[in-house]
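Chemist: Can you read through this structure? Questions will come right after.
The values are calculated or read from the model by the stated rules, or taken from the named source; none is laboratory data. Just so it is clear, the model here is predicted, and its values are computed rather than measured. Cβ atoms come from the backbone with ideal geometry, glycine included; neighbour counts cover every protein chain shown.
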Amino acid sequence: MAGIDEQRRFIAVNIAVLTVSDTRTLANDTSGDALVERIRKAGHHIATRAIEKDDAAAIERHLRLCIVDPNIDVVITSGGTGVTGRDVTPEAFDRVLEKRIEGFGELFRMLSYQKIGTSTMQSRALGGVAGGTYLFALPGSTGAVKDAWDDILAFQLDNRYRPCNLVELMPRLQEHIKPAAE
């Protein structure tokens, strides 16, 4: 049976929150606020929070800085996942991802369909791994951020979730990198 195993000790992870928007500021970033609130309530740490314009190169640079930072385990972005000309977050992710977590986007859209119907097809939400860091791109609406966290990420970023979770895989994310010969 899936669920939280209260016998296991909780392990907090360090999460970077990045809002992608040409119009949001820290003063009006409701989706970022909702995400930060949920992350903290779950017991995790906010490693950093920022806002980046809808520019693929700038988003890519920001992601690469997070990926090489040993104090960041997960990056969650909100915004820029739609289909308009300014929506370039998935393209920036494509430049850095080593592996996609296809099931994240599929599950997000399945859950979203129950709330917004066929409009969910416009979302290009995605997840993946790069440099041992998990990356998730969420739509920019506050509702979508809440749904993604409450229904997916809160469980997969909790090491107590059974039968399996993403946290317990963290030590193995860089197995493909061979250590230098001594």
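Chemist: I'd like the full set of residues that are in contact with a strand residue (DSSP E or B) (Cβ under 8 Å, 6 or more places away or on another chain) and either of a type in the set (Asp, Glu) or in contact (Cβ under 8 Å) with a residue 24 or more places away in the chain (or both), limited to the range 104-127.
Modeler: Those that are in contact with a strand residue (DSSP E or B) (Cβ under 8 Å, 6 or more places away or on another chain) and either of a type in the set (Asp, Glu) or in contact (Cβ under 8 Å) with a residue 24 or more places away in the chain (or both): 104, 108, 124, 125, 126, 127.
Chemist: List the number of the failed condition for residue 85; all other conditions in (1) at pLDDT 95 or above; (2) surrounded by fewer than 18 Cβ atoms within 10 Å (Cβ to Cβ) hold.
Modeler: Here residue 85 meets the rest and fails (1).
Chemist: Name the residue that is nearest to residue 153 (Cα to Cα), counting only residues in the range 24-46 that are surrounded by 13 or more Cβ atoms within 10 Å (Cβ to Cβ) and of a type in the set (Val, Ile, Thr).
Modeler: 39
Chemist: Only one of 161, 113 is in contact with a helix residue (DSSP H, G or I) (Cβ under 9 Å, 6 or more places away or on another chain), over 16 Å from residue 60 (Cα atoms) and either of a type in the set (Gly, Ala, Ser) or buried (at least 16 other Cβ atoms within 10 Å of the Cβ) (or both); which?
Modeler: None of the others qualify; the one that does is 161.
Chemist: Let me confirm something: among 103, 127, which residue is out of contact with any Asp or Glu (no Cβ under 6 Å at 6 or more places or on another chain), of a type in the set (Gly, Ala, Ser), within 22 Å of residue 39 (Cβ to Cβ) and surrounded by 20 or more Cβ atoms within 10 Å (Cβ to Cβ)?
Modeler: 127
Chemist: Within the range 25-46, count every residue that is of a type outside the set (Gly, Ala, Ser), modelled with pLDDT of 95 or more and part of a loop (DSSP other than H, G, I, E, B).
Modeler: Total meeting the criteria: 3.
Chemist: In this structure, is residue 119 of a type in the set (Ser, Thr, Tyr) and within 22 Å of residue 38 (Cα to Cα)?
Modeler: The answer is no for residue 119.
Chemist: Can you find, within the range 6-23, the residue that is nearest to residue 65 (Cα to Cα) among those that are over 19 Å from the mean Cα position of the chain (by Cα) and surrounded by 12 or more Cβ atoms within 10 Å (Cβ to Cβ)?
Modeler: Filtering first and then ranking leaves 22.
Chemist: Another question, then. Scan the range 60-84 residue by residue and report those that are in contact with a Phe, Trp or Tyr (Cβ under 8 Å, 6 or more places away or on another chain) and hydrophobic (A, V, I, L, M, F, W, C).
Modeler: Within the range 60-84, 63, 74, 75, 76 qualify.
Chemist: I need the full set of residues from the range 77-127 which are among the polar types (S, T, N, Q) and closer than 28 Å to residue 173 by Cβ, in order please.
Modeler: Result: 77, 78, 81, 89, 112, 123.
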